[in-house]
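Here's the structure we're looking at; comments come further down.
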Amino acid sequence: MELCVALDLPSAEENLALAESLKSYDVWMKVGFRTYIRDGKNFIEALKKINPDFKIFLDLKLYDIPNTMADAAEEIAKLGVHMFNIHASAGSVAMKTVMDRLSGYEDRPLVLAVTALTSFDEEHFKAVYEKSIDEKAEQFAKMSYENGLDGVVCSTFESRAIKNATSDSFLTLCPGIRPFGEDAGDQQRVATLELAAKEGVDYPVVGRPIYKESDPRSKVEEILKVMSGV
Ligand code: C5P
């Protein structure tokens, strides 16, 4: 398991201060919509300056026509980030087009597909996708696996079934982690670190339980300690 910290604070300064406080740890930095829309490429460069070994996950959840997605994927590869994601519901042609386009990059970023957002409950998910979360997440995961993606974004509760349906090495990145049972906020399907480990999660994503702490550094330390023991 590798911890992925969501940099979702309201300003670049606050996010960079959080990154600075975590620079001695082996953690992933997740850069999402808010930060990337506001602070763009410069922010990625600033993160690399803080620690050139930070692994960066650009969480932009691409969803468009295949050619536009592949163009965007190529620009992302040029940024030198280590992982990004697309929406699985963009379909298999989009997946294949993206992976084909990246095949020329020696050190291409890992590509994950979002199955079901962890903020969905069953009722609201079904209203959009007409299937249960389990069923649809597994179907999206198989499609992603068959089209050469590296893994999926899912909740902890689908991680094991997805690995069983694809491969143990097919990566699962799971938001909605409340390491020690902290407040769920808007997340519906939350899990502790212990459960995430049991379900084979490769990348637990933690945002608010870290950055809302008065001492995020010691929270990360606690999390890493638990992760090394499970
Ligand atoms: O604060 P919290 O730990 O809930 O943060 C979760 C992070 O993971 C947020 O940045 C959110 O945008 C992201 N995310 C998610 N569910 C997904 C994909 C990404 O919560 N399916």
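The values are calculated or read from the model by the stated rules, or taken from the named source; none is laboratory data. Given the structure is predicted, the values throughout are model-derived calculations rather than measurements. So basically every Cβ, Gly included, is an ideal-geometry build from the backbone, and we count neighbours across all protein chains shown. Ligands, DNA and RNA are stripped out before the accessible areas are found, and what is left, the full protein with its side chains, is counted by its heavy atoms. Shrake-Rupley method; radii C 1.70, N 1.55, O 1.52, S 1.80 Å.
Of note:
- Answer residue from the stretch 106-121, given it is away from the ligand (no atom under 11 Å from the Cβ) and part of a loop (DSSP other than H, G, I, E, B) and is farthest from Ala196 (Cα to Cα) among those: Glu106
- Only residues that are part of a loop (DSSP other than H, G, I, E, B) and within 15 Å of the chain's Cα centre (by Cα) were counted in the stretch 201-223, giving 3.
- For the stretch 155-165, taking the residues that are touching an Asp or Glu at 6+ places or on another chain (Cβ under 9 Å) and within 16 Å of the ligand (Cβ to nearest atom), the one that is most open to solvent (accessible area, probe 1.4 Å) is identified as Phe157.
- The stretch 203-220, subset under 18 Å from Met29 (Cβ atoms) and open to solvent by 40 Å² or more (accessible area, probe 1.4 Å), residue farthest from the ligand (Cβ to nearest atom): Arg217
- Residue count for the stretch 166-180, restricted to those that are open to solvent by less than 50 Å² (accessible area, probe 1.4 Å), part of a loop (DSSP other than H, G, I, E, B) and within 14 Å of the ligand (Cβ to nearest atom): 4
- Some residue of the stretch 30-52 being of a type outside the set (Asp, Glu) and in contact (Cβ under 8 Å) with a residue 60 or more places away in the chain: yes
- Check on Met95, within 19 Å of the chain's Cα centre (by Cα) and touching a residue at least 40 places away in the same chain (Cβ under 8 Å): yes
- Matching residues, the stretch 122-138, being within 16 Å of the ligand (Cβ to nearest atom) and either closer than 23 Å to Leu102 by Cα or open to solvent by 20 Å² or more (accessible area, probe 1.4 Å) (or both): Glu122, His124, Val128, Tyr129, Asp134, Lys136, Glu138
- Residue match in the stretch 16-32 (condition: assigned to a loop (DSSP other than H, G, I, E, B) and among the aliphatic types (A, V, I, L, M)): yes
- Of all residues in the stretch 66-92, those that are assigned to a helix (DSSP H, G or I) have Cβ atoms under 6 Å from Cβ atoms of residues that are among the basic types (Lys, Arg), 6 or more apart or on another chain, in Ala70/Arg101; Ala73/Arg101; Glu74/Arg101; Ala77/Arg108.
- For the stretch 98-121, taking the residues that are polar (S, T, N, Q) and free of Cβ contacts under 8 Å to residues at least 60 places away in the same chain, the one that is most open to solvent (accessible area, probe 1.4 Å) is identified as Ser103.
- Matching residues, the stretch 30-72, being open to solvent by less than 20 Å² (accessible area, probe 1.4 Å), closer than 25 Å to Glu13 by Cβ and small (Gly, Ala, Ser): Gly32, Gly40
- Scanning the stretch 181-197 for residues that are open to solvent by 20 Å² or more (accessible area, probe 1.4 Å) and either touching a strand residue (DSSP E or B) at 6+ places or on another chain (Cβ under 6 Å) or without any contact (Cβ under 8 Å) to a residue 24 or more places away in the chain (or both) yields Gly181, Ala184, Gly185, Thr192.
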